[in-house]
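Contents: one structure, followed by commentary.
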Amino acid sequence: MASSKEFLDIVLKQCKDLSSRPMMGEYILYINDKVIGGIYDNRLLVKPTPSAISLMPNASYELPYEGAKAMLLVEDIDDKDFLKNLFISIYDELPKPKRK
């Protein structure tokens, strides 16, 4: 099942630094040039960095698609301050992308 543009728009409104790119019916989420997570089957999934795990200790791990690495499910997408803090902390922990 593909994700809806409406669900994506709700998530994007929560953090001005967040952007997305469509990919095979789903959406990859970025801050600047770093992938922090994505929208898969209308679920917000983020990379399980130490800070994300600390901020969401009871979050479930879910697969975005078959064969992928498990990611953390973010259930409360309406708490703007929490999401902004979560996204920025994930961004700060990720390495810079390698140049092609």
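Hey, can you tell me all the residues within segment 1-32 that are touching a residue at least 60 places away in the same chain (Cβ under 8 Å) and closer than 14 Å to Asp92 by Cβ? Residues satisfying the conditions are Cys15, Asp17, Ile31.
Regarding Asp78, is this residue among the charged types (D, E, K, R) and under 15 Å from Ile10 (Cβ atoms)?
yes
Pairing each residue of segment 59-81 that is touching a residue at least 12 places away in the same chain (Cβ under 8 Å) with any residue that is assigned to a loop (DSSP other than H, G, I, E, B) and basic (Lys, Arg), provided the two are 6+ apart or on different chains, yields C-beta distances under 7 Å for Met71/Lys47.
Tallying residues that are of a type in the set (Lys, Arg) and surrounded by 15 or more Cβ atoms within 10 Å (Cβ to Cβ) within segment 56-100 yields 1.
Select, from Ala2, Ala59, the only residue that is in a loop (DSSP other than H, G, I, E, B), hydrophobic (A, V, I, L, M, F, W, C) and modelled with pLDDT of 95 or more. If you could, list the steps in order and put the result at the bottom.
Numbers: Ala2 fails: modelled with pLDDT of 95 or more.
None of the others qualify; the one that does is Ala59.
Of all the numbered requirements in (1) surrounded by 13 or more Cβ atoms within 10 Å (Cβ to Cβ); (2) within 21 Å of Pro97 (Cβ to Cβ), Asp17 misses one, and that requirement is (1).
Each residue in segment 5-33 was checked for being more than 11 Å from the chain's Cα centre (by Cα) and either within 19 Å of Phe87 (Cα to Cα) or not in a loop (DSSP other than H, G, I, E, B) (or both), and 16 of them qualify.
The values are calculated or read from the model by the stated rules, or taken from the named source; none is laboratory data. Keep in mind the model is a prediction, meaning the values are calculated, not measured. As a convention, Cβ positions derive from the backbone with ideal geometry for all residues, glycine included, and neighbour counts pool all protein chains shown.
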